[in-house]
Amino acid sequence: MKLKRYAFVMVFIFPLLILGQEDKQESRVVSNMCKTFEKTSRLNFKERKSNMIQKEMIPYLRSLKNTFTTAQIDSIGNSMMARLDNKCPKFLEQSILAKATNQSDGMFIYFGEITSSLTKEEFEELKTKENFYYFDNNNIRTDLKIKNGFWLETFEDGSFSKTTIKWLPENQFLLEFVESNNKGKKAYSRKGDQYKYIVISKESGYYWIVSMREDRKGKTKFKLFFE
């Protein structure tokens, strides 16, 4: 009976150990991808991205073919690219710059001074609103509800992301990641990750929001539309 129990425990724990090891290996590969990308500044973004993937990610994914299915390997690759956005500021900056257009309502990199012209009354008014939406850097709409201390996003495919929101002085707020079933968000963030933003102005039908990431030369800027 003891032997059976031991076997059951090993069957349960062994996959978890493999997943933990794979996550550490993925983190190391993502770090190497970032370093490779940063070393190729003379190339255009498309060439830099292709070189990085071919040199660092493809060999790693090929090494998994005897352990995971093709669908699982594709999912791991997508997860690594999302983590690269989060862990490699230079890659994210160049990625958004490559996609941005002046006509887009989506996110883009902002290199200007971060000063807010929002009045105290406008900031307090923002706190009373619940229904919003924004467009990501691919110009795809995400619906947002701010309610009971949570920032709740619903994406185009019906998936969701949940973070807490804490209002701060000087027109700022802090988001802390809780959970998500969206592939991109789940790969990008881990529980407890925090993101700080500042509301810089109120316009006709939307607010301008800028990220406060100190590890990036450029900040992410986007329009938060209200209904």
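All of the numbers you see were taken from the coordinates with simple rules; none came from a lab. Here the structure is a predicted model, which is why all the values come from computation and not from measurement. A quick note on method: Cβ atoms are made from the backbone with ideal geometry, for glycine too, and the neighbour counts reach across all protein chains shown.
Using a simple spin-label model with pseudo-atoms 7 Å out from Cα toward Cβ, Val178 and Thr142 lie 1.6 nm apart. Based on the Cβ-Cβ distance from Gln72 to Ser50, what FRET efficiency comes out when R0 is 30 Å, to the nearest 0.05? So the FRET efficiency works out to roughly 0.80. Our note on the geometry: Cα centres of region 21-54 and region 157-227, 25 Å apart. Per residue, the convex hull around the alpha carbon atoms of region 108-226 comes to 110 Å³.
Give me the one-decimal Kirkwood hydrodynamic radius in Å for region 168-221, with the sum taken over alpha-carbon pairs. Could you put the intermediate results ahead of the total?
Values: mean 1/r = 0.0789 Å⁻¹.
So the Kirkwood estimate lands at 12.7 Å.
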